[in-house]
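Engineer: To start, I am sharing the structure in question, which I have written as structure tokens.
Quick note: the coordinates plus some simple rules give every number you see, no bench work behind them. These figures come from a predicted structure and were not determined experimentally. All Cβ positions, glycine included, derive from the backbone under ideal geometry; neighbour counts span all protein chains shown.
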Amino acid sequence: MSTPLPPAIREGLAAGRIIPYLGPGVLTLDGSSSVPDAPETLVELLTAKVTVPHKIRKNLTAAGQYIENFKHRKTLVSLLNDAFAATAEPTSLHRFLAGLPLPLIVDAWYDRGMADALAGRADFGQIQGVSRSEHFQDWVHYFAADGSRVEPAEASRWATVLYKPLGSIAPASNFILSDSDYVEVLTEIDIQTPIPERVQELRAGRSFLFLGCRFRTQLERTYARQIMKRSSEHHWAVLPDELTRNEARFLDEQGIERITLPLAEFNALLVADTASMPVAAVA
């Protein structure tokens, strides 16, 4: 018999007190994905089209940097556009989250699934991380529901902010991927400069729910830690697979409660539990 979900999760989502944090693992929730669904999958695709040194063939950021250095940044962006060009239907989780009164959703991958699920609404917008090698003075760009670029002040009017810290293929092909991209961000992230002010406001006092994420690399842990900064002291992560030592330490340090259910089973329970609850409006 399935383990019931902690009431705090379903109640928190229905009330807008929990921030979903999506990783690439959500893309295969309903079956295979038409776009890369993991860093390992993406780097294989890139290195199948551009030859890179053997020692970095499995390292996404290093392979991206090699392509950027020796084939130009435009080549890297073109390859990423090709990788994420296919139409990937939003998953059942994307559609479920799009129907909740969530002030903030974090989506740490390059696909457009969550944005497409929200597309029927006019009251949301995206904040996307951008590469400083292309946008020298900017950390992020702001996009309205119709894909048009807008001023940062517009974000305060959105009922739901979709924050894509690594960028996204849509609407403007922004990608933080190469070593140099990350060096720029990591140099400032500890003092929160790259984190949008609106995201900092919305995370205050709220908990995070990590779905389809792993914390195996320093980059994954650093991004999650800095985006969570000054939020609640209790969070959750759906992690059914065996943890690395660094992952276990990270969960303990950040107050993240592990849920060992497979993501598909968790999703089914989440939808069933939350559908039976009244949905609160979020201020």
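Engineer: In Å, what Kirkwood hydrodynamic radius results for the chain from the alpha-carbon pair distances?
Structural biologist: When all Cα pairs of the chain are included, the Kirkwood radius is 19.2 Å.
Engineer: Within the chain, which is the longest segment that contains none of the GluC sites (Glu not before Pro) sitting in a DSSP loop with at most 16 other Cβ atoms within 10 Å?
Structural biologist: Within the chain, the longest run free of exposed GluC sites (Glu not before Pro) spans 1-133.
Engineer: Report the label-to-label distance for Ala272 and Asp82 in nanometres (one decimal), using points 7 Å from each Cα along the Cα→Cβ vector.
Structural biologist: Between Ala272 and Asp82, the simple spin-label model gives 4.4 nm.
Engineer: Further question on the same structure: Compare Leu166, Leu202, Leu211 in a GNM of the chain, Cα atoms joined below 10 Å, and give the one with the largest fluctuation.
Structural biologist: Leu202
Engineer: Can you list residues whose amide H is under 5 Å from Val150's amide H, if they're 5+ apart or on another chain and H is modeled 1.01 Å from N?
Structural biologist: Residues meeting the criterion, in which the H sits 1.01 Å from N, are Tyr142, Phe143, Ala144.
Engineer: Tell me, what is the Rg over Rh of the stretch 90-167, with Rh the Kirkwood radius over Cα pairs? Mind showing how you got there, number by number?
Structural biologist: Values: Rg = 12.2 Å, Rh = 12.7 Å.
On the Cα set of the stretch 90-167, Rg over Rh gives 0.96.
Engineer: Counting each DSSP H run of 4 or more residues in the chain as -39500 (n - 2.57), what helix-only mean residue ellipticity at 222 nm follows after dividing by all residues, to the nearest 500 deg cm²/dmol? Could the numbers behind the result be given before it?
Structural biologist: Working: 11 runs with 108 residues, N = 283.
Mean residue ellipticity, 222 nm, calculated: -11000 deg cm²/dmol.
Engineer: Sticking with this one: For Glu197 and Lys58 in one chain, what is 0.36 nm times their gap in residues minus the Cα-Cα distance, to one decimal in nm?
Structural biologist: Details: separation 139, 0.36 × 139 = 50.04 nm, distance 3.46 nm.
Between Glu197 and Lys58, full extension yields an extra 46.6 nm.
Engineer: Kindly count the pairs of lysines across the chain whose alpha carbons are less than 23 Å apart, treating pairs on different chains or eight or more residues apart as eligible.
Structural biologist: 8
Engineer: I would also like to ask the following. Which percent, to the nearest 5, of DSSP beta bridges fully inside the chain are antiparallel?
Structural biologist: 30
Engineer: May I ask you to derive the FRET efficiency for Ala119 and Leu45 from their Cβ-Cβ distance with R0 = 30 Å, giving the value to the nearest 0.05?
Structural biologist: 0.70
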